[in-house]
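A short write-up of the structure that comes next.
The values are calculated or read from the model by the stated rules, or taken from the named source; none is laboratory data. If you're wondering where the values come from, they're calculated on a predicted model, not measured in any experiment. Methodologically, a virtual Cβ is constructed for each residue, glycine included, from the backbone with ideal geometry; neighbour enumeration extends over all protein chains shown. These area figures cover heavy atoms from the full protein model, side chains too; ligands, DNA and RNA do not enter into them. Shrake-Rupley method; radii C 1.70, N 1.55, O 1.52, S 1.80 Å.
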Amino acid sequence: MTVYAYVDGPLGEMLLVGQLAEGGRAVLRSLSLPGQKGGVEVEDGWTHAPEAFAEAARQLGEYFAGRRDRFDLPYDLDGGTEFQRRVWRALEEIPYGTTVSYGDIARLVGSSGAGVRAVGTAIGRNPLLVVRPCHRVIGADGSLRGYAAGVERKQRLLGLEGGPAGSV
């Protein structure tokens, strides 16, 4: 059963979507921000179940309050292509408060040169904003590039983490 909830945060009202698992907890499939390019919208047949996302809401609150630097949530590893999943796994290894370039991620997943563009596309399709930290990927020149929910939000997330804010 697909369930969803809205969670308030400093970047706007986040939409969490997941599958209901044993114990009534949701396995997170998506976290979208308002106005996000390619963001998820609630569909007919989904069940509003904020209680299923209580742990996710708690951890997000701790993150935004500066008391959490890593998420420990069950989430769906399916979806996307094998290449996208490799890129998404690489995102999860970027330490809190640091940034890497798109080229760094391309090298890490074995795709250099023209592969940087493919890495950018895969990052842009990350369904778990904030939780899977694609905001920590910046241009090789230190500039903030592409964030599905807007570069201003990327800058806010990096500032929250105390990392380099880059240039907009």
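Answer yes if at least one residue in the stretch 39-47 is open to solvent by 60 Å² or more (accessible area, probe 1.4 Å), closer than 17 Å to residue 127 by Cβ, assigned to a strand (DSSP E or B) and out of contact with any helix residue (DSSP H, G or I) (no Cβ under 8 Å at 6 or more places or on another chain), and no otherwise.
No - not one qualifying residue is present in the stretch 39-47.
Being assigned to a loop (DSSP other than H, G, I, E, B) and out of contact with any Phe, Trp or Tyr (no Cβ under 9 Å at 6 or more places or on another chain): is that true of residue 80 here?
No.
For the list (1) in a helix (DSSP H, G or I); (2) open to solvent by less than 40 Å² (accessible area, probe 1.4 Å), I need the number of the one condition that residue 23 fails.
Failing condition for residue 23: (2).
Kindly list the number of the only condition in (1) surrounded by 20 or more Cβ atoms within 10 Å (Cβ to Cβ); (2) in a helix (DSSP H, G or I); (3) within 15 Å of the chain's Cα centre (by Cα) that fails for residue 105.
All conditions are met except number (3).
Provide a single number: the residues in the stretch 109-140 that are among the aliphatic types (A, V, I, L, M), open to solvent by 20 Å² or more (accessible area, probe 1.4 Å) and assigned to a helix (DSSP H, G or I).
Going through the stretch 109-140 one residue at a time, the tally reaches 2.
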